[in-house]
Amino acid sequence: MFDILIKNARIVDGNGSPSFEGSVGIKGEKISAIGDLSESQAGTIIDANGLAVSPGFIDIHAHSEFTLLADPRGEGKVMQGVTTEVSGNCGLSAGPLYGDYFERRKGDLKELGLDLSWHDLDAYLELVETVGTSLNFATLIGHGNLRGSVVGYGNRKPTEKEMERMKSLLRDSMKAGGFGLSTGLIYPPGVYSGIEELVELAKVVKEFGGIYASHMRSEGDRLLEAIAEAIRIGEEGEIPVQISHLKTGGERNWHKIEEAFELIESARLRGVDVTADRYPYTASSTDLDAILPSWAYEGGVDAELDRLSDPETRDRLKKEILTQHPKDDYWETVMVAAVDTEKNRVFEGKTMAEVAREMKKEPCDALFDFLLEEKLRISAIYFSMSEENLRKILRKEYVMIGSDSSARAINGPTRLGKPHPRTFGSFPRVLSKFVREEKVLTLEEAVRKMTSLPAKRLGLKDRGVIKVGAFADLVVFNPERIHDTASYTEPYAYPMGIRHVIVNGTFVVKDGAHTGAMPGRVLLK
């Protein structure tokens, strides 16, 4: 007698093996039988005739450390079939939080209606357990947290004492269950770090068998140098490397894709464990002030705002930005995703070219004034990538799928601005556009990239596969109908074709609707 029996399904086991017809029996939290279970009984029987069942998708690149506290349903993820996600990417995690970094993060929580009540990662993870979640949660440790908490936002090397403090905080966070170190090397304060600092921290991560995940120092003009740096950090620190959202940003850099592959694959051949992740879209999303040169960030928010207010500094900024982006149509490729003030909500979903026209200002002046008025709290979407390069990246056997998004819902406290559609559509989009329609991947290979490949990267032995004894994290979907419905202008839309989602043996989505259940666990390294 099973608790749940999924029968007559096309079983896609997550390993990349050919799918097969059969049934999956679940008792408690785990899979207890697979195969011909036609004579078996269960408390709940799902007839999956015409449907596929796969392991629950593992979002290797997520940013839900705060949104899951505000809304633990995580609907935007579980409605995609995500049953486990890895947050703490791009150098920003929920802990440790001290000093300048603690103060800066308060604003992130304020807009979600939360108070920042912890400093260390272990206290945060206890809070997540107490609140509960609908999906399993794992985290990396942000290098920005370490540097921001100890050194602050200054453009300098840490002192020997500061370096030891950073290593101590990292060691404590790894002991609390972190899966590795992440960097965001285009963002303050990570942008000010040197390779020696990162290698030293990587050596601490090695003690715990963790990984190094990097939003690299460049994804465009200095892409190849950035890949080489990431590989060197992993090689010298002797830990696996995860290249975050591998891309070639800007048309002038699209031709670099083969050289990028060559760097990664030559490192893999000599024994460096290098993998990557990617979302299935050709637009990225980050803060609007990412357009500014890195020296503009030095000293933190107040110092950056002072620079944007100073006429001479504005002239210098304008010259550098226009040298970097000389074409007038560049501003048509930058779309405002979210602002902080009610007054400027009218600009959400509009390009910076449109914003400039409505402000009756030149684009750079509109950018500076907009950032000043919003105190930098503007996110944006950047249309800068090649569709053909995306296909090439997705085909690589060492590339897994990550959404690069936070868990949100179409209602409640996390419905803010116009986020990137990857927030609601990444995993179904792979299965529709790149499997069913364009045949870039087989169904089995796509599922492997979403399940066993990230599970292996994290060292999760009993998740990411359909096998007896594995945790019952499962997705039941229609491979002929699954598709994303979120768009850049209307992102708050759940995908179609996902029938059921099970986390640790409990339905979180049943018959296409969220059940309200919160059986997710905090996963520790």
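Selection of the stretch 212-227 for residues being in contact with a helix residue (DSSP H, G or I) (Cβ under 6 Å, 6 or more places away or on another chain) and either buried (at least 20 other Cβ atoms within 10 Å of the Cβ) or among the small types (G, A, S) (or both) yields Y212, S214, M216, R217, S218, G220, L223, I227.
Applying the criterion of being in contact (Cβ under 8 Å) with a residue 60 or more places away in the chain and assigned to a strand (DSSP E or B) to the residues of the stretch 1-21, the residue that is farthest from T506 (Cα to Cα) is R10. Restricting attention to the stretch 480-493 and to residues that are modelled with pLDDT of 95 or more and under 23 Å from E332 (Cα atoms), the residue that is most open to solvent (accessible area, probe 1.4 Å) turns out to be E490.
Of the residues F424, F477, the single one that is out of contact with any strand residue (DSSP E or B) (no Cβ under 7 Å at 6 or more places or on another chain), open to solvent by less than 40 Å² (accessible area, probe 1.4 Å) and within 27 Å of T489 (Cα to Cα) is F424.
List every residue pair whose Cβ atoms lie under 6 Å apart, where the two residues are 6 or more positions apart in sequence or sit on different chains, the first residue falls within the stretch 300-323 and is without any contact (Cβ under 8 Å) to a residue 12 or more places away in the chain and closer than 19 Å to D100 by Cβ, and the second residue, located anywhere, is of a type in the set (V, I, T) and surrounded by fewer than 17 Cβ atoms within 10 Å (Cβ to Cβ). Matching pairs, first to second residue: R307/T313. Residues that are open to solvent by 40 Å² or more (accessible area, probe 1.4 Å) and not charged (D, E, K, R) were ranked within the stretch 334-351; the one that is nearest to the chain's Cα centre (by Cα) is T341. Select from the stretch 503-513 the residues that are open to solvent by 40 Å² or more (accessible area, probe 1.4 Å) and assigned to a strand (DSSP E or B) and write down the one among them that is farthest from F2 (Cα to Cα). Looking at the filtered set, the residue picked out is A513. Does the stretch 96-113 contain any residue that is crowded, with 17+ Cβ neighbours inside 10 Å, of a type in the set (S, T, Y), out of contact with any Asp or Glu (no Cβ under 6 Å at 6 or more places or on another chain) and not in a helix (DSSP H, G or I)? Checked the stretch 96-113: at least one residue is crowded, with 17+ Cβ neighbours inside 10 Å, of a type in the set (S, T, Y), out of contact with any Asp or Glu (no Cβ under 6 Å at 6 or more places or on another chain) and not in a helix (DSSP H, G or I). Listed by first and then second residue, the pairs linking a residue in the stretch 427-451 that is more than 18 Å from D404 (Cα to Cα) to a residue that is part of a helix (DSSP H, G or I) and among the β-branched types (V, I, T), with Cβ atoms under 6 Å apart and 6 or more places separating them unless they lie on different chains, are L441/V435; L443/V435. Scanning for something touching a Phe, Trp or Tyr at 6+ places or on another chain (Cβ under 6 Å) and either over 15 Å from Y101 (Cβ atoms) or part of a strand (DSSP E or B) (or both), does the stretch 181-196 turn up at least one residue? Yes; the residues of the stretch 181-196 include at least one that is touching a Phe, Trp or Tyr at 6+ places or on another chain (Cβ under 6 Å) and either over 15 Å from Y101 (Cβ atoms) or part of a strand (DSSP E or B) (or both).
Rundown of residues vs (1) among the basic types (K, R); (2) over 29 Å from R171 (Cβ atoms); (3) open to solvent by 10 Å² or more (accessible area, probe 1.4 Å), yes/no style:
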| site | (1), (2), (3) |
| --- | --- |
| G194 | no, no, yes |
| E197 | no, no, yes |
| E200 | no, no, yes |
| G210 | no, no, no |
| N253 | no, yes, no |
| A267 | no, no, no |
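Scanning the stretch 414-425 for residues that are of a type in the set (G, A, S) and over 10 Å from G76 (Cα atoms) gives a single hit, G417. Return the residue satisfying two criteria in turn: it lies in the stretch 452-473 and is closer than 16 Å to Q242 by Cβ and either free of Cβ contacts under 8 Å to residues at least 12 places away in the same chain or more than 17 Å from the chain's Cα centre (by Cα) (or both), and of such residues it is least open to solvent (accessible area, probe 1.4 Å). In this case the residue turns out to be G464. Applying the criterion of being part of a loop (DSSP other than H, G, I, E, B) and of a type in the set (A, V, I, L, M, F, W, C) to the residues of the stretch 427-451, the residue that is surrounded by the fewest Cβ atoms within 10 Å (Cβ to Cβ) is V440. Within the stretch 181-204, the set of residues being free of Cβ contacts under 8 Å to residues at least 60 places away in the same chain and within 19 Å of G459 (Cβ to Cβ) comprises L181, A202, K203, V204.
The values are calculated or read from the model by the stated rules, or taken from the named source; none is laboratory data. Computed from a prediction, not measured in an experiment: that's the story for all the values here. Positions of Cβ are generated from backbone atoms using ideal geometry, with glycine treated the same way; all protein chains shown enter the neighbour counts. Remember, those area values only see protein heavy atoms, side chains included, never the ligands or the DNA or RNA. Shrake-Rupley method; radii C 1.70, N 1.55, O 1.52, S 1.80 Å.
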